[in-house]
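**Q** This is the structure, below, for whatever I ask next.
The values are calculated or read from the model by the stated rules, or taken from the named source; none is laboratory data. Just so it is clear, the structure is predicted and the values come from calculations on it, not from any experiment. Every residue, glycine as well, gets a Cβ built from its backbone with ideal geometry; the counts of neighbours run over all protein chains shown. The area values use the complete protein model at the heavy-atom level, side chains included, leaving out ligands, DNA and RNA. Shrake-Rupley method; radii C 1.70, N 1.55, O 1.52, S 1.80 Å.
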Amino acid sequence: MNRESHGIGNGGFSGVECEYIRRHHHHEPGENQCSSALVKRIKAPVPLVWSLVRRFDQPQKYKPFISRCVVQGNLEIGSLREVGVTSGLPATTSTERLELLDDDEHILSIRIIGGDHRLRNYSSIISLHPEIIDGRPGTLVIESFVVDVPEGNTKDETCYFVQALIKCNLKSLADVSERLAVQDRTEPIDRM
């Protein structure tokens with residue numbers, strides 16, 4: 001289930017979700033920007049989900065709108081990637097910088113710095129948190145963003161568009177992760 005929050009207030013989030021958002025998702029939207037956060041629960045353990053999310057060099061492993069990705073230099077903070085966008089979207093390329101990659105806290109942040117699209121000053125943070133789902137190790141994924149509102153669009157229209165893209169990415173992340181988790185046959189955690 002996804003819940004969104006314009007401006008990242010409570011927005012229907014649980015207390016735990018609000019705490020993670022407060023702790024890890026710092027965005028300060030300007031006058032002509034919108035910001036939101038989405039939540040997805042995945043029936044796969046954090047290490048498995050993180051193994052997909054952390055691959056700044058291979059976002060196409062779970063992001064359906066990315067056809068190719070080329071990273072310049074080593075994979076480190078400040079690294080740039082040139083992403084090819086699949087047809088059907090109002091974009092063809094995106095140049096993105098790795099802002100944060102924290103393997104201990106499971107947080108990845110990127111900033112779009114160029115490309116052929118309308119997402120100006122776009123920045124996103126994705127964080128993963130362990131949960132027990134149906135008696136097995138699962139993952140709570142939170143993704144938040146801030147972006148400029150393009151000329152001719154409203155904040156609501158812009159947020160809705162970006163949320164739709166993120167929802168597709170998170171659904172795909174869940175599908176890929178859960179398929180891999182089933183193959184791995186993770187044992188259930190004993191209930192207390």
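**Q** Of the conditions (1) surrounded by fewer than 19 Cβ atoms within 10 Å (Cβ to Cβ); (2) closer than 20 Å to Val46 by Cα; (3) charged (D, E, K, R); (4) in contact with a Leu (Cβ under 6 Å, 6 or more places away or on another chain), Asp103 clears all except one; give me its number.
**A** Answer for Asp103: the failing condition is (4).
**Q** Could you list, in sequence order, all residues of region 123-167 that are in a strand (DSSP E or B), open to solvent by less than 20 Å² (accessible area, probe 1.4 Å) and not β-branched (Val, Ile, Thr)?
**A** Matches in region 123-167: Ser123, Ser124, Ser127, Leu128, His129, Gly138, Leu140, Glu143, Ser144, Phe145.
**Q** Of the residues Ala91, Ala37, which single one is closer than 27 Å to Leu180 by Cβ, open to solvent by less than 40 Å² (accessible area, probe 1.4 Å), among the small types (Gly, Ala, Ser) and touching a strand residue (DSSP E or B) at 6+ places or on another chain (Cβ under 6 Å)? Walk me through it before giving the result.
**A** On the way: Ala91 fails: closer than 27 Å to Leu180 by Cβ.
It is Ala37.
**Q** Return yes when Arg68 is among the basic types (Lys, Arg), within 17 Å of Thr95 (Cα to Cα) and assigned to a strand (DSSP E or B) and no when it is not.
**A** For Arg68, the condition - among the basic types (Lys, Arg), within 17 Å of Thr95 (Cα to Cα) and assigned to a strand (DSSP E or B) - is met.
**Q** Going through Arg97, Arg120 one at a time, which residue ends up being at negative phi, assigned to a strand (DSSP E or B) and open to solvent by 20 Å² or more (accessible area, probe 1.4 Å)?
**A** The match here is Arg97.
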